[in-house]
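Peer 1: One structure is given below, represented as structure tokens, and several questions about it will come after.
The values are calculated or read from the model by the stated rules, or taken from the named source; none is laboratory data. Here the structure is a predicted model, which is why all the values come from computation and not from measurement. In this analysis, Cβ positions are derived from the backbone assuming ideal geometry, glycine residues included, and neighbour counts consider all displayed protein chains. Quick note on the areas: whole protein, heavy atoms, side chains included, nothing else; ligands and nucleic acids left out. Shrake-Rupley method; radii C 1.70, N 1.55, O 1.52, S 1.80 Å.
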Amino acid sequence: MGGQGLPGFGPWVVYLWWLVMNGVRASRRRRARNLTVLAVTQLAFGAMATLGAMAASASDIPTARTVTGGTLTWAVSDVLGRPGDGSTADKAKIEVSGGAEKLSDGAVRFPAKGGAFDPATGRAVVTYAGSVTLTVEHRTVSVAAPQVLVDGERSALRATVTGPAQVHGTAVAIDVARLAATRPHLTSGSVSWADLAATATEQGAASLAPLTTSTGSLGPVSLGVTVGESADPDAQRELALALAAESPTPSASASVSPSGSPSASPSTSSCPSPSASTSGSPSPSASASTSPSTSPSASASASTSPSASASPSTSPSASPSASPSNSPCASPSPSPSESPSETPTDGGPSTTYTTIEAANSNTLAKTGDGFLVPLTMAGVALIVGGVFTLRIARRGGYASDDF
Amino acid sequence: MVADQRATTGVVDDEFWEPPWRPVVRGAGEILITLGLLFCLFAAYEFYGRSWRIEAEQDQVDSVLDRQWKEPGSAVPVDGQPIARVHIPKLHRKWAVVEGVTTGDLRKGPGHYPGTARPGQVGNMAIAGHRIPSVFWDIDRLRDGDAIVAETKTGWYVYRVVGLRKVLPTQVEVIAPDPFHPGARPRTPMLTLTTCNPKLQNWQRLVVFAELDRAQARSQGRPAELEEAR
């Protein structure tokens, strides 16, 4: 929208300029040059307006939102093993600082410091404050300033890990673990991912090695953030930067172990199947038609199919398909979950449960064109410019009186 | 006109001397006016012409729908084929809604987001339509309590508007089964209209939410809401 003012205004500025020039009695040659410049400028502005119109119709709106708060809960002590099984867990000491807090079950909660979440793509980057120091006998490893990146298979937990195994002189953030990104749970203004299975990367395992002999699965990671009301270009930039930053070494052990995931969802891959619609498989819908219908209200005679209530066999963490974060898994719609059984035989309209599919649309349908207004403005500007130019052309002939 | 003068005078004389740059400027001016007119005419065609084309398509789709409803059995929605009729008595409008929201589908009239609920189902029946005079041009005039009536082969479903919202195109939660609690299990049958906002622009979407008020069988005749509007 901002660019439209320029092409609309441009010709007038040029005319003003020309009139001022004309006030000074310019020579014919000079005036000819001025007019040529005028005509060319007018054409250029027309072209600019057209280009502006095209650009306006394909404008990119920032969709990412700033993270305004939230927490990261990481059962970091799981790397030490279970207390009481003779592992290092019994001897370990866990200390937190910088805003992190220790929960009763041994997990550590970090407060969110900043970040961005894009509801259009489902990608997120959240940075957290605080650090946790694990001490087993004399060996100490500290994990500071975690950062979570949610981007399909590239989802990762980064942190600055310092300890005996630190190879570099200065601590740098490394990818500690790969995360099995599940579908986020969305409520108004907040996004959360529950119990993401974390698998240590080679680097992460090496960093934590002094504490534990077990590698592989780290404690599950849960995070929830609140996001700003509206999209923010800064957040978009931050997210783009975080996504562009290549992880140091994409290790071969990036595959995710389903066993480590406490969420029994079928969604260890980055593209979880929509939970609500998967349950709409043929068998429940078949039972729906044979089941006795409860019709509480006489007016609507709504027969709520029990398949709706019987279906929540999916994990609680995977939210139903309404989440807009389905673009990383933009697969063709797996199953039309809709029951096409619109069968009120005697005219009693039926009411059945249905859900929209995931991965179906990332945006609402485009129902209008943005170029009409700029195009019309450009057209009017061209006509006005043309009329003025013609008038000037007529006037020029009588200048001979002056000589 | 001026060119004629020069042609008749032939030789340059003082009275009608024409500077040599004048034909150039005149030509430029004429080109500018022509281009401007073309731009304006094209814009007008895009606006009124599309509106007119959709009206023509609607006539055709409407008759297809009538034919479908005469046949026995219930039709599975096919992309681009009509699935229901939607009336907005306050605006004195009705459309045959086609399945699908691609550009091609929306060329025929309002489109039903695939996979969303069908009329009367618990969930959200989401419909997209162009913001042009023959479609959803003035749905911003709808207010809470206004009726939106969906007509199917078997019955009438009277929805009442419960809210309007302006959102970004990416906020697809408005067509979630429960648009007010995205991710939650829907409990009521909803109907949602989406169109571009503001008028003649497309950087926002205007969304109208409506909730099912009552349903009545076809055998009970047209709902009173439609008769009132007549």
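Peer 1: Considering only residues that are in contact with a strand residue (DSSP E or B) (Cβ under 9 Å, 6 or more places away or on another chain) and assigned to a helix (DSSP H, G or I), which ones fall in segment B:67-87? Full working, then the answer.
Peer 2: Let us first name the residues in segment B:67-87 that are in contact with a strand residue (DSSP E or B) (Cβ under 9 Å, 6 or more places away or on another chain), namely B:68, B:75, B:77-87.
The one that is in contact with a strand residue (DSSP E or B) (Cβ under 9 Å, 6 or more places away or on another chain) and assigned to a helix (DSSP H, G or I): B:Gln68.
Peer 1: Restricting attention to segment A:99-112, report how many residues are open to solvent by less than 40 Å² (accessible area, probe 1.4 Å) and at pLDDT below 85. If you could, list the steps in order and put the result at the bottom.
Peer 2: At the first step, the residues of segment A:99-112 found to be open to solvent by less than 40 Å² (accessible area, probe 1.4 Å) are A:100, A:106-108, A:110, A:112.
Then keep just the ones that are at pLDDT below 85; that gives A:106-107.
Number satisfying all stated conditions: 2.
Peer 1: Give the residues of segment B:186-230 that are in contact with a Ser or Thr (Cβ under 6 Å, 6 or more places away or on another chain) and acidic (Asp, Glu), sorted by residue number.
Peer 2: B:Glu211 - this is the single residue of segment B:186-230 that is in contact with a Ser or Thr (Cβ under 6 Å, 6 or more places away or on another chain) and acidic (Asp, Glu).
Peer 1: Specify which of the listed residues (A:Ala116, A:Ala120) is at pLDDT 85 or above and under 27 Å from the mean Cα position of the chain (by Cα).
Peer 2: Numbers: A:Ala120 fails: at pLDDT 85 or above.
None of the other options fit; the residue is A:Ala116.
Peer 1: I'm trying to understand the selection: among the residues of segment B:191-202, which are part of a loop (DSSP other than H, G, I, E, B) and within 7 Å of another protein chain (Cβ to nearest Cβ)? Show your work before the answer.
Peer 2: Kept after step one, since they are part of a loop (DSSP other than H, G, I, E, B), are these residues of segment B:191-202: B:198-202.
B:Leu200, B:Gln201, B:Asn202, listed by residue number.
Peer 1: Identify, by number, the condition in (1) open to solvent by 20 Å² or more (accessible area, probe 1.4 Å); (2) more than 8 Å from chain A (Cβ to nearest Cβ) that B:Val149 doesn't meet.
Peer 2: (1) is the only condition that B:Val149 fails.
Peer 1: When you scan segment A:41-98, how many residues do you find that are part of a loop (DSSP other than H, G, I, E, B) and at pLDDT 75 or above? So that I can check it myself, show each step before the final result.
Peer 2: Going through segment A:41-98, the residues part of a loop (DSSP other than H, G, I, E, B) turn out to be A:58-64, A:75, A:81-87, A:91, A:98.
From what is left, the residues that are at pLDDT 75 or above are A:63-64, A:75, A:98.
Total meeting the criteria: 4.
Peer 1: Go through (1) in a loop (DSSP other than H, G, I, E, B); (2) in contact with a helix residue (DSSP H, G or I) (Cβ under 7 Å, 6 or more places away or on another chain); (3) surrounded by fewer than 21 Cβ atoms within 10 Å (Cβ to Cβ) and name the single condition B:Arg222 misses.
Peer 2: Evaluating B:Arg222 over (1) in a loop (DSSP other than H, G, I, E, B); (2) in contact with a helix residue (DSSP H, G or I) (Cβ under 7 Å, 6 or more places away or on another chain); (3) surrounded by fewer than 21 Cβ atoms within 10 Å (Cβ to Cβ) leaves (2) as the failure.
Peer 1: Checking B:Trp52 against (1) buried (at least 16 other Cβ atoms within 10 Å of the Cβ); (2) more than 9 Å from chain A (Cβ to nearest Cβ), which single condition isn't satisfied?
Peer 2: Of the numbered conditions (1) buried (at least 16 other Cβ atoms within 10 Å of the Cβ); (2) more than 9 Å from chain A (Cβ to nearest Cβ), the odd one out for B:Trp52 is (1).
Peer 1: Read through the list (1) facing another protein chain (nearest Cβ under 9 Å); (2) in contact with a helix residue (DSSP H, G or I) (Cβ under 9 Å, 6 or more places away or on another chain), then give the number of the only condition that B:Tyr157 fails.
Peer 2: The number of the failed condition is (2).
Peer 1: Restrict the check to segment B:170-190 and report whether at least one residue is surrounded by fewer than 19 Cβ atoms within 10 Å (Cβ to Cβ), at pLDDT 90 or above and more than 7 Å from chain A (Cβ to nearest Cβ).
Peer 2: no
Peer 1: Quickly run through segment B:38-97 and pick out the residues that are basic (Lys, Arg) and without any contact (Cβ under 8 Å) to a residue 60 or more places away in the chain. Full working, then the answer.
Peer 2: Taking segment B:38-97 first, the residues basic (Lys, Arg) are B:50, B:53, B:67, B:70, B:85, B:90, B:93-94.
Those that are basic (Lys, Arg) and without any contact (Cβ under 8 Å) to a residue 60 or more places away in the chain: B:Arg53, B:Arg67, B:Lys70, B:Arg93, B:Lys94.
Peer 1: Considering segment B:118-140 alone, what residues qualify as being assigned to a strand (DSSP E or B), at pLDDT 90 or above and within 8 Å of chain A (Cβ to nearest Cβ)?
Peer 2: Of all residues in segment B:118-140, those assigned to a strand (DSSP E or B) come to B:122-128.
So of that shortlist, the ones also at pLDDT 90 or above come out as B:124-128.
B:Asn124, B:Ala126, B:Ala128 - these are the residues of segment B:118-140 that are assigned to a strand (DSSP E or B), at pLDDT 90 or above and within 8 Å of chain A (Cβ to nearest Cβ).
Peer 1: Suppose we filter segment B:55-90 for residues that are open to solvent by 80 Å² or more (accessible area, probe 1.4 Å) and under 14 Å from the mean Cα position of the chain (by Cα); how many remain?
Peer 2: Result for segment B:55-90: 1.
Peer 1: Select from segment B:103-117 the residues that are within 8 Å of another protein chain (Cβ to nearest Cβ), farther than 18 Å from B:Pro133 by Cα and either open to solvent by 20 Å² or more (accessible area, probe 1.4 Å) or not in a loop (DSSP other than H, G, I, E, B) (or both) and list them in ascending order. If you could, list the steps in order and put the result at the bottom.
Peer 2: First, pick out the residues of segment B:103-117 that are within 8 Å of another protein chain (Cβ to nearest Cβ): B:103, B:106, B:111, B:113-117.
After this cut, where a residue has to be farther than 18 Å from B:Pro133 by Cα as well, the list is B:113-117.
The answer is B:Pro114, and nothing else.
Peer 1: Within segment A:105-117, is even one residue farther than 30 Å from B:Gln171 by Cα, of a type in the set (A, V, I, L, M) and assigned by TED's automatic domain parsing to the domain that holds A:Gly219?
Peer 2: Yes, the conditions are met somewhere in segment A:105-117.
Peer 1: Just to check your reading of the model, which residue among B:Arg143, B:Arg205 is part of a loop (DSSP other than H, G, I, E, B) and either more than 7 Å from every other protein chain (Cβ to nearest Cβ) or within 21 Å of the chain's Cα centre (by Cα) (or both)?
Peer 2: Working: B:Arg205 fails: part of a loop (DSSP other than H, G, I, E, B).
Only one candidate qualifies: B:Arg143.
Peer 1: Just to be sure, is B:Arg93 surrounded by fewer than 21 Cβ atoms within 10 Å (Cβ to Cβ), within 20 Å of A:Thr363 (Cβ to Cβ) and more than 8 Å from chain A (Cβ to nearest Cβ)? Outline the logic, then answer.
Peer 2: Numbers: surrounded by fewer than 21 Cβ atoms within 10 Å (Cβ to Cβ): yes; within 20 Å of A:Thr363 (Cβ to Cβ): no; more than 8 Å from chain A (Cβ to nearest Cβ): yes.
Spelling it out, it is not the case that B:Arg93 is surrounded by fewer than 21 Cβ atoms within 10 Å (Cβ to Cβ), within 20 Å of A:Thr363 (Cβ to Cβ) and more than 8 Å from chain A (Cβ to nearest Cβ).
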